[in-house]
Each structure stands twice: as structure tokens, then as C-alpha cells.
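First comes the structure, then the notes that go with it.
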Amino acid sequence: MTTSTTRLPRRRGRSLHRGQAASGWLFTAPILIILGLFLLVPVLMAAWVSVSDWSGRGSPFASGVNFIGATNYGQVLWAGGLSETDFGTALKNNLWYVLLVVPTQTIVAMALALAVNRRMLRGRGFFRTAFYFPSVTSSVAITVLWLFLFSTTGAVNAVISALGAHGPNWFNEPRGIFHFGAASGPAFLTGNTTLGVSWWDWLGGPSVAMSAFVILAVFTTGGTFMLLFLAALQNLGGDVEEAAMMDGANARQRFFRVTLPQLRPTLFTVITLGLIGCWQVFDQIYTGTKGGPSKTTLTPAYLSYTAAFDDQQWGQGAAIAFILFAIIIVFTIIQRWVLAEKKVSKRRMGWITDAEKRDGRVSEAVAVDAVPNTNRGSR
Amino acid sequence: MTALTGRTVSVRQHHRWKPSALTAQILTYLLLIAVAVLYIFPFLIDVATSFKTEPDAAANPLSLIPQTWTTAAYQRLFFNSDFPIWFKNTAIVTVTVTLGRVFFDSLAGYALARLQFRGRNVIFAGLIAVMAVPGVVLLIPKFLVINQLGIYDSYAGMIIPLLADAAGVFIMKNFFESIPASIEEQARIDGAGSFRIFWSVVLPMARPALITIIILSFQGSWNELAQFIISTQSPSLTTLTKGVAQLASGQLSQGTQYPLKLAAGAIMTIPVAIVFFIFQRRILNASDGAIKE
Amino acid sequence: MKHRKLGAVIVAAGLAAALTACGSGFSSGTATQSSTKPITVLIGSSGAAETAAVKSAVAAWSKTSGVKATVTVASDLNQQLAQGFSSGKPADVFYLSTDSLAGYASNGSLYEYGDKLTNKSDFYPSLVKSFTYNNKLVCAPKDFSTLQLIINTDLWAKAGLTDADIPTTWDQLSAVAKKLTTGTQTGLVIGGEYARIGAFMTEAGGNLMNADSTKATADTQANLDALNYVKQNLAAGDFKYAADVGAGWGGEAFGKQLGAMTIEGNWITGSQSADYPAVNYKVVPLPKGPAGAGTLQFTNCWGIAADSANKSGALSLVQQLTTKSDQLGFAKAFGVMPSIQSAAGEWKKEFPKLTPFLDAASYAQGVPAAKGAAAVVSDFNSQVAKLATGDPKTILSSTQANLAALLK
């Protein structure tokens, strides 16, 4: 019986580990089998479908299904047809969504956490409950509510007209918010295209309809991420801040020079989770707009689904899924690189060192805790 | 809300702060209350509107008191639609998935934390890698596999894929590592097998972590949508999320019918809300000591 | 009661159909073996009226044939069909649109039973053509519909208009729409999609594809004229899209009196009487455009899945559902028009107010049916939704390119 290299104390010697190999594999077997079947195998199968001409009938491994190389990827990325335009549109929509949601939800979550973390605050429990509650509700129920709130005669427009303005027809308004109502732009913008979408449209920002989804995402994920920040804040302790205070730093300096740097690991986690979640918007689109109006809420995740299940372009659907996977990885890497540890001044380092030792481990543990939440929340 | 603002006064009296700090404190409260209203109000509107008539809902979207109270939406849902079936299916799936995850996650978590066996590190690395695969990317391939396995359009097809929960294993592993090994060592010396030790010695000590898994699994599977879209087609297997999503796009009716849809949304939120309020302290106290207690 | 008589007819006809179907060429071993397997019917319903009618017709067949049959209303018919076919567990019988026929017929998903229909020669030739793939009739046309102009007679009178003002030209349509537009109500509210705006294209002498769907004809002057006309009226505020007035479709806007006129098909009668019985309306032919009368025609067929476990039962059901009595029953319930010529006379007698719809059968044009056309049409729809600010020429040329790509 061979036993492994171990980090545990082995005072009792080998005999105690007898049978552990068998048990170990036995205990992990259910999870391994399920994960293998529903994660590993699907990925391999989809990889094959994405380079095949499978039409959606019978098994993808049947003899009539042929290898067609990168054709499906080409249709989506460079063939110049409708598929490319659709993918370009979806990418544009989701890119703006990510650019708006990720920073906003991070800032909102941090602001809520800082506010709720105050020691003197009365009703902390109430506020935390209120801010966190949207995160536990289902994206379907929330989307239905959103459709009502943002309908032509909905609550949001009622508030806007009470303020004397005229609200847009949110979920039916395809115009980009950065176009400010302009019907068309300069020729060099409208004339050039990337992925079948004109530069003018790329720059137009999310449509009004998509903006309503942006607000929805911030509303539902703010609470989850607030908890992550709270956990980190409470492990900071006051000593570092006191040290800085003695040094004569004011509140703002203390935040930017002391608190924020110490929150970096959490910030990092929140942004990573935010990025991953935001690139997977699906539930809201499926429930709410089905990609409309004018395809301005189409997202790669939803497009991948409709390409396969509605239009029977299974190869293209799978190809889009893989491209989306690649996008998520690339964005995560870029984010890692941007937020990479930078040099800190010696004085600040002095305030921090202590706290940082305590911080890392906890926020990692809580991050894991939050993974399923956030996936759900912003998917 | 007035009670809260009332209390701020006493805070003020307690600590004799500089005027600037005082203003800041009041501003913070006002801001927090405004944001809290913003967060709560939509849910109140949801419930209120579900008791309105349709013209009332369109005419007074902001009012929290229906002009004429009606339970028509609820009657329609419960007596004249598939809503009860959706509810039943969601309940079945959620309970099974939660129980399954609790068992499998803790089993695997224990093995990874405590048992010495070749391949442990590989398995662990694999789990971490798996957590990085975004779920939506797997929509099409999961459908293909479920279909190939012959469990398409069945409870098995709905439930089994959801049992794969790498994050849960991770949480359990972290927890088991935090409890002292000496207790098990003693049991081991007494001749207990691995499963006995796990089942009757270690697992009872893992209550806090198990509650975390229960909360996450319950919430996750109750709110799951995509998995049920791709794994079923029969109306008899429709879940709440799928049913209500289809309702939103007009299956039961032409037109808007917001009271009906919002009633459905409100009811499907109740169980999660109950779990949330029961375990509220635990969820929110994640902030007061992470996941360990 | 009329209904009971109709029921008796249905039962009798069902019995007859079941007998003939079983007796005509379905004696192969597997077919008879499985002929009691339950049948599922997947439909894309226009509303409660249609659902109820199909359910009761299927239940009547089920009773006489002894085969259990259930009707499911799809929330997204295309998606549910695709998922069913690729899972190998499709519904046995389903609504199938002209634009998805080519795709499913080409990959063998469909049971091509057209030649086995006893009433094959009774279907309108144009409908048979719509469901012919590789020179074979694939499935039985279910019914058909055309678009015409629906007018709210109360609002019409209120605006001081009389029967003499019923528009027969585009200019007149614009003029009455202007008169009917008030603060809360728009003259003409239509769905912002090809399936409504396309009517204007045909009136101008165009359409997205030729009649056989073998040639892309999107970027013609006729289509441009049609889009420009709609655009002008949208800009003037006398036409509006249903979505822009907060309605799901033209019929809802019309029923809620957000619009005084709409362009819809004969299905509107079912939902109007069910949801908005107080609204008085009348159906008139769409005004003639530069090229004369024109409108779009829609049709579905009763598809049967190649993977169905009970094809003979399914065929017998379809045979029953396309009989004169069943089709007239459907017509009564939700306003469709029978797909068989022999029912035309009775239909007109039954629905004198709706004759403009059936009269259009002689000049109505079909929608593009080439494989993949549905995606192009939905792309066209997404662009035409922005017509008020968009450029018609750009829309048409991109659609032309996309349609041409399908035919390569």
C-alpha cells in the first residue's frame, strides 16, 4: 500500500493511512463523475460540434456528420454574413454592459459596505438586509418586475414625469445612449465596420433597453459584493487607520491611501467575479427582451443559445460559446495585469503590512462562498 | 423609517461630535435611507401591483394601495394554470439538489482535506479549474450530453448536472481543514473506518459549513433557469423559473397582464425569502468572521 | 345549439377519418403496433381562444380514436421544435411555419406524408406550393390568413368620418390616420415588423423575395417606396408601432384603443371578442398602393415528426383536423380561414364581415421561405423597428445581401 506525500502530522505512521486511498477515491468519486460528465465531456463534445456540420438531428457522432474545420468560427468572425453581424452586435452590447456594470457595481458595493460598516451606525442589520435582499431573489422574478417598472406606463416613467420630464419607452427603445438621439453620424464612423457593426454603432453605447438591464445588474449584485467588502473591512481593524490618523492624514487620504490598498485583494475578487458574471448575461434576456429591441440586448450567451436552439446552427452556437470563453479568459488576464501589485510608498507600507497578513486568507474564503451567488445574480 | 431617523438623534446626543462630523453623520443616514427605500420599494410595488386590476396597474404604477383589491391574479395562477405544477417541480428539484450537494460536497471535501491518497492534489487542481468554466458556455454541450445519456426531459436530467458543485467542495474542504485532526486520529486508532469517522465524528461538527452549503444550494437551484431550459421540454417538468419566464413572454395571455406576472414573481420569491430570513444572521455575518464560526 | 351539432359532426368525421386512415396503406407492422401510443401536439397559439379550440378538436379525435393526445402551447415554438428534434423526442404533431419547412425537411426531421392525404387536391394550390419541398408535399396546410385594415368604427364616427372615407389609396390612408390621431390615440398602430409592413411592399409591387423564394428582391424601388411611405407617416406621428405605444401587438393596441386602426390578419377576431368585446370594428381591404392591391399571406402546416412513435395516429389526427368541419370550427373560434377550397363558401356565409380576408386569397403573397430566411427576416425586423430614424435604403440593401447569401 503506497501512501502519499503528506502535509499532515504522521505520528501514527503508515498503518493508519491504510485504506485511505480507496476511501479517498470513493469519497470523491460522485463529484468527479458528475463533474466529468457534465463539465469535461460537454466541453469536448461541444468542441467537436463547433468544427462539424451537425444539423441538430441524431447524434453528433453519427457517420453523416463531417469535420468542416474552422468554418463555423469563420461564419461568426470573418465571413461577412448575417452571423458575423449578429455576433458583432452581441459583442458590442455585452461589452458596453460590462464596461458600465463592473465599475458601477464595484463602486456601489464598496460604498454600501463602507457606509454600513460604520461602528456608530444604528440599524446596521436593517440596512444590510435591505441591500442584500435583491441578491437572493431569482433573476426571472426580478426581470419580470423590471419589465413592469420600466414599461411605458411604469413606475420609473411615473417618477420621471412627476419630475417634469418625459421618460423613454425603456425596453422598446433601441437607440444608443451615447448617440443622444442623433439619427446618423459622420461618414467615417458609419462607413467603417468591425465584425459587421459600424463604428458609429460601436461607439453608440448600450441602447436605452440595455441600460435598464445595467441598472438591474447593479441592483441585484450590489448586495453580494457588499458582503465581500464588509468581510474584508471588518478584518482590517482600526490600528492601521489610527496610525495613519496620527500621521495627520485626513479622511479622504485615509481612504485612498490606507483602506483602499488594503481592500485590493477583495477588489480583485469582486472585479473578477463581476467580469465573469457580466459576460454571461442570459436569464434576463431570455425572460425579458429576447434580444430586442432591434437586437440591442442580444448578448453572446443568448446568441449562442438561439443560434443552436432556434436556428439550428449548432456548430455556430458552440463556436460562439468557445469564443465567449476565450473573451472571459482574456478579460480576466487583462484585469489581473492592470490590478497587479504596484509599488507602495514606504510609509504607507508601514501602515499596511500588519493588516494585509490577516486580510488575504479571509477574503479568499468568502469569495468562494459567493461564487454561486454572483453567477446567478448577473447571469 | 421614521423610527430610524428618530434614533439618529440619540446617537447624536451620545457622542458630542464636532459639527462637521455631525453633518456628515446625518448626511450618511439620509443617504442610506434613500438607498434603502430604492432597494425595498420595487418589491413593495411588486406585491401591491399583484393585487391590482390591470387598468389600475397601468394607471397608478407607483401606488402601493390598489384602488380595488382583487385576488384575480392569484386565483388564475393557482386554479387556472400550470403554476402549482411548476411550484412542485421546483420544490422537488431544489430539495433533491440541496440534499445531494450537502452529502457529496462534504464527502469529497473531507477526502480532500483529510485522507491521504495519490491524486489528491490533481483532483484539487481540477476542481479549481472547473470553477473557472463559465456556466453559460456549457448550455449547448450540456444539452448534448444529457440527451446522449438518455436523461433528457426527466427529473434525472434536471437534477444530476446540478449536483456538480465545485465551490461547495471547496468550502467543505476549507472547513474540515480548520478542525483539529486529533479527534479523528483517536477514532482511527479505535479502529473506525474512513466513512464511519466522516459520518459520525466529523460531519456532526460541520454544522456551520453545512448550513452555508444548504443556503447556497437552495438559493442556487431554486433560482436556476438555464439548466431547466436545456434539460426539459414537457410542460409537466416545467419549473417556476422556466414557467414564469415563459409567462413573461406571454404564454398564458396576450398583452401585458402585469398583475398576473408580478403575482407569479412574488410567490416564487417567498421560499427564498423565508430561507433568507431564517439564515439571515448567518448570511450577513459572513462579514463578521468569514465562513468560519 | 349550433355547438353541439358541430361536435357531432366532428365526432362522426373523426371516426370516418380514423377508419380511412387506418385502412389506407398503414398496414405495416410497426405502424399498427404503435398506433395506440399517445400523441403530443405542439402549437403556437394566438391566444386562449385558439388553444381551447385546438384542445377540444384534438380531444374529440382522441375520444373516437382511443389514442391519448395532449396539446401543448409553445412559448417559443421554433426553439421547442428544434430542441425536440435534436433530442429525438419531438412532439408528434406541431404547427410548422413556411420559413422553417426547408430547414427541417432537409435534415430529415419531418415525416413527409402529403401524398397520403385523402383531401390533398382540395387544398389551395398556393398553400400546397408553400409546403412542397423537393417536389413533394411535406405536410397538410393547416389554414391561412391574410392581412387587411381593421377600423374602430366608434372612433371613426367620432372623428367625423363616414364609409365614404374608407381609404383606397396610400394618400387617403395617411389622411384618415391624421384625422384619427389625438393626444392619446394614434391613427394607425401596427407591429413594427416585416409581417405587417411587408403588406405595403406588396402594394408597391415588391416583396423581399420572389414567389418561389428563389431570388432575393429586397433592394427594389418598390420596397424602397413602401418603407419611405411608412417612415413618413411614422415621422408625422400618424402611424406608430405597437411597441411604441406600450402594446405587445397591433391587436392589443387596437383593443385598448391606443390606435384607431391596425393592420392585422383574420386571427384578430378571436382575441378581440375574447379580450375586448366592447370594441366595435370593421374589416376593409388594405388601400391600394402604386402597384394596386396587395397583402401578405401566412400559413402553417400540421407537421409530423419523422421520429414520432405513432405516425399513423398522427396522420389520422391531421386528416381529421383538416376536414371541413374542424376547419370551420377553428374559423369560428379564432378566425382563421380554411385551407381547403370546399369550405370557402360556407366560411363566407358564416363570416360576411370578414370576407375581405378571404377575397385576398387571389392576390396575397407569401413570405420568404428559403432555408435560413427566418433569421434574415428577424434581422430585417430589428432594423425596421428603427425605421423612424433609419435609412430605408440601407435596411433593404443589407437584407438583400443576407437573402442572396442564403441562395448560394
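What the table shows:
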item	result
Mean Cβ count within 10 Å, highest first, over the residues of peptides C:278-285, A:270-277, B:163-170, B:210-217	B:163-170, A:270-277, B:210-217, C:278-285
Within chain C: Cβ-based charge dipole about Cα centre, in debye rounded to nearest 20 (Lys, Arg +1; Asp, Glu -1)	860
Separation in nanometres of the label points that stand 7 Å from Cα toward Cβ, at residue C:405 and residue B:78	5.2
Extreme residue, positive dipole direction of the protein assembly as shown, given options B:193, B:223, C:39 (C-beta unit charges)	B:193
Per-residue average of Cβ from other chains inside 10 Å of B:238-246	5
Size descriptor, Kirkwood hydrodynamic radius, that averages inverse alpha-carbon separations across chain C, Å	22.0
Against the rule of thumb 2.2 N^0.38 Å, how large the Cα Rg of region C:91-185 comes out	1.73
Cα→Cβ-extended label distance, 7 Å offset, between residue B:195 and residue C:273, nm	6.7
Peptide-level mean, for B:59-68, of C-beta atoms on other protein chains within 10 Å	3
Alpha-carbon radius of gyration plus Dmax, which is the widest Cα pair, for region B:112-196 in Å	17.6, 51
Dipole of region A:85-180, positive direction: furthest Cα of A:105, A:166, A:85, with charges on the beta-carbon	A:105
Per residue, the convex hull volume that the Cα atoms of region C:215-321 enclose (Å³)	202
Per-pair calculated FRET efficiency, R0 = 35 Å: residue B:249 and residue B:67 via Cβ, rounded to 0.05	0.80
The protein assembly as shown: antiparallel DSSP beta bridges as a percent of all, rounded to 5	70
Rotationally averaged projected area of region B:26-173 (alpha carbon convex hull; nm²)	15.6
Given C:63/C:116; A:295/C:55; C:116/C:282; C:178/C:386; B:52/B:242, the pairs whose alpha carbons are separated by over 28 Å	A:295/C:55; C:116/C:282
HN-Hα J in Hz across region A:56-62 - Karplus 6.51, -1.76, 1.60, θ = phi - 60°, x for Gly and Pro	x, 10, x, 7, x, 9, 5
Geometric extent, Cα atoms of region C:40-129 - Rg, Dmax (angstrom)	14.2, 35
5 angstrom amide H check on residue C:297, placed H, neighbours 5+ away	C:365, C:366, C:367
Region A:44-177: Rg to Rh, with Rh as the Kirkwood radius over Cα pairs	1.15
Average partner coverage of C:130-137, which counts Cβ from other chains inside 10 Å	0
Convex hull volume per residue in cubic angstrom - Cα atoms of region A:281-340	85
Cα-based radius of gyration of region A:159-224 once divided by 2.2 N^0.38 Å, which approximates compact folds	1.38
Relative intensity, log₁₀ I(q)/I(0), of region B:82-288 from a Debye sum that treats every alpha carbon as a point, q = 0.13, 0.16, 0.17 Å⁻¹	-0.84, -1.13, -1.21
Rule-of-thumb Rg ratio for region C:171-218 [Cα; 2.2 N^0.38 Å; N residues]	1.51
Distant-in-sequence amide H partners of residue C:209 (H built 1.01 Å from N, under 5 Å)	C:217
Cα-centre dipole for the protein assembly as shown with unit charges at Cβ (Lys and Arg positive, Asp and Glu negative), debye to 20	3300
Shape box of region C:290-380 [Cα atoms, principal axes, largest first, Å]	51, 39, 19
Estimated vicinal HN-Hα couplings, Hz - region B:224-238 in sequence order (Karplus 6.51, -1.76, 1.60; Gly, Pro = x)	5, 10, 4, 4, 7, 5, 8, 9, 9, 9, 5, x, 6, 10, 5
Where the Cα pairs of the protein assembly as shown fall when distances are cut into 20 Å bins, in %	11, 40, 34, 13, 2, 0
For residue C:133, residues with placed amide H under 5 Å, excluding near neighbours	C:138
Lys, Arg +1 and Asp, Glu -1 on Cβ, resulting dipole of region B:82-288 about Cα centre, debye, nearest 20	60
Radius, Kirkwood style, for region C:118-238 when every pair of distinct Cα atoms is counted (Å)	17.0
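We did not get these values from a lab; they are worked out from the coordinates using the rules stated. Given the structure is predicted, the values throughout are model-derived calculations rather than measurements. Quick reminder, even Gly has a Cβ in these numbers, built from the backbone with ideal geometry, and neighbours come from all protein chains shown.
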